[in-house]
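First the structure, in the form of structure tokens, and then the observations on it.
The values are calculated or read from the model by the stated rules, or taken from the named source; none is laboratory data. It should be emphasised that the depicted structure is a prediction, and the values quoted were computed from it without experimental measurement. Ideal geometry is used to build each Cβ from the backbone, glycine not excepted, and the neighbour counts take in all protein chains shown. Only protein heavy atoms, including side chains, enter the accessible area calculation; ligands, DNA and RNA are left aside. Shrake-Rupley method; radii C 1.70, N 1.55, O 1.52, S 1.80 Å.
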Amino acid sequence: MSRRRSAEKRVVQPDSRYDSILFTKFINALMWDGKKSIAESILYGAIEILDETQDGPDAVQKAIANVKPSVEVRSRRVGGATYPVPMPLQPHRAQALALRWLINAARARSEKTMIARLAAEIKSACEETGTAVKKRIDTHKMAAANQAFAHYRW
């Protein structure tokens, strides 16, 4: 990581179907080996499954909002010891973590297809249950437990 200047943020084009930058980021995070059309079909298929019970695009946005963390724990080295220091998150970092946690939780599920796994994980995240929401809760608990080291934040 360079100390001279930070990398500039890339501008992401909105997706073709819903005209949403969030869905483009979701597709890019879901993509493996450059197979963007497969990632698109997985996300859009999951939204179609969600459309049967609720509004699909709104469910995805609600799930991401429920999974987004507000703090994270980072390691700081002070005087030869490493301390877990709770740090507030920037909105783009919180969104990236939420997308990653949703996708990893969906991949770990036992449904037959990735479309069904993603739809089930999004549905459970809307109801504030599921692995991705548990990950957010665990992160917040860890940050609260290490609040004593917050003065090492800089």
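Miscellaneous remarks
- One residue from GLN95, GLN90, GLN54, GLN13 being in contact (Cβ under 8 Å) with a residue 40 or more places away in the chain, farther than 17 Å from SER124 by Cβ and open to solvent by 30 Å² or more (accessible area, probe 1.4 Å): GLN95
- Filter result (in contact with a helix residue (DSSP H, G or I) (Cβ under 8 Å, 6 or more places away or on another chain), among the basic types (Lys, Arg) and farther than 18 Å from ILE115 by Cβ) within segment 1-36: LYS9, LYS25
- Residue satisfying all of: in segment 120-132; among the β-branched types (Val, Ile, Thr) and surrounded by fewer than 22 Cβ atoms within 10 Å (Cβ to Cβ); farthest from the chain's Cα centre (by Cα) among these: THR129
- Segment 129-154 - residue that is in a helix (DSSP H, G or I) and among the aromatic types (Phe, Trp, Tyr) and, of those, modelled with the highest pLDDT: PHE149
- Residue match in segment 121-128 (condition: outside any helix (DSSP H, G or I), acidic (Asp, Glu) and closer than 11 Å to ALA63 by Cβ): yes
- Selection within segment 1-27 - within 12 Å of VAL60 (Cα to Cα) and among the small types (Gly, Ala, Ser): SER20
- ARG117 meets the conditions (1) open to solvent by 40 Å² or more (accessible area, probe 1.4 Å); (2) over 16 Å from the mean Cα position of the chain (by Cα); (3) without any contact (Cβ under 8 Å) to a residue 12 or more places away in the chain in every case but one. The failed one is (2).
- Verdict on LYS25 being charged (D, E, K, R) and within 16 Å of the chain's Cα centre (by Cα): yes
- Some residue of segment 78-85 being in contact with a helix residue (DSSP H, G or I) (Cβ under 9 Å, 6 or more places away or on another chain), within 18 Å of ASN28 (Cα to Cα), of a type outside the set (A, V, I, L, M) and open to solvent by 40 Å² or more (accessible area, probe 1.4 Å): no
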